[in-house]
Amino acid sequence: MQASQNAPEWRQLVQRLLKAEMSKRGVKYQDLSTRLCSIGVNQSADNLRNKVNKGILGADLLLQIMFVLNVRHIAREDMLDIFADMGVDLQE
């Protein structure tokens, strides 16, 4: 199956990436909400939890979250590893 044709796998990738970055930093959803507020982005902890768990958020919020978590990069190899864990084979 090609993930490019199947949005749920990409949403799960977003979910797993964000949760992993939050876990690495010991950041809970309330902490994330507070950090976002410090750059003028108002999102409640519950709203963030719902968006991250569904893997559905706008590109702007994704970038804002990456900014406040100080994510320096997301390696393509990490994305491929997550897809492999999900049983998704990306054909190149």
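Where a number appears in this text, it was derived from the coordinates with a stated rule and is not lab data. A quick note: this is a predicted structure, and the numbers were derived from the prediction, not measured. Cβ: placed from backbone, ideal geometry, glycine included. Neighbour counts: every protein chain shown.
Could you give the angle, 0 to 90 degrees to the nearest 10, between helix 76-85's Cα long axis and the longest principal axis of the Cα atoms of the chain?
70
Please state the equivalent ellipsoid semi-axes for the chain: what are the square roots of 5 times the Cα gyration tensor eigenvalues, largest first, in whole Å? Working shown, then result.
Details: eigenvalues 127, 35, 24 Å².
Over the Cα atoms of the chain, the ellipsoid semi-axes are 25, 13, 11 Å.
Whole-Hz Karplus ³J(HN,Hα) for the range 35-48, in order, using 6.51 cos²θ - 1.76 cosθ + 1.60 and θ = phi - 60°, x for Gly and Pro?
Values, residue by residue: 4, 5, 4, 5, 10, x, 10, 9, 9, 6, 4, 5, 5, 4 Hz.
What is the helix-to-structure angle for 7-25, meaning the angle in degrees between its Cα long axis and the longest Cα principal axis of the chain, kept from 0 to 90 and rounded to the nearest 10?
Result, in degrees: 50.
Per Stokes-Einstein, at 37 °C and 0.692 mPa s, what whole-number D in µm² s⁻¹ belongs to the range 34-74, with the Kirkwood radius over Cα pairs as the hydrodynamic radius? Could the numbers behind the result be given before it?
On the way: Rh = 10.6 Å.
My calculation gives 310 µm²/s for D.
Using packing as a proxy for protection, rank 75-85, 60-70 so that the peptide with the highest average count of other Cβ atoms within 10 Å comes first.
Highest to lowest by the protection proxy: 60-70, 75-85.
Counting other beta carbons within 10 Å of each residue's own, what order do Lys24, Lys19 fall into, fewest first?
Fewest-to-most Cβ neighbours within 10 Å comes out as Lys24, Lys19.
Grab the other residues whose beta carbon is less than 11 angstrom from that of Glu21, score K and R as +1, D and E as -1, and report the net.
Summing Lys and Arg as +1 and Asp and Glu as -1 gives +4.
Mind giving me the FRET efficiency for Ser44 and Asn70? R0 is 22 Å, r the Cβ-Cβ distance, nearest 0.05 is fine.
0.50
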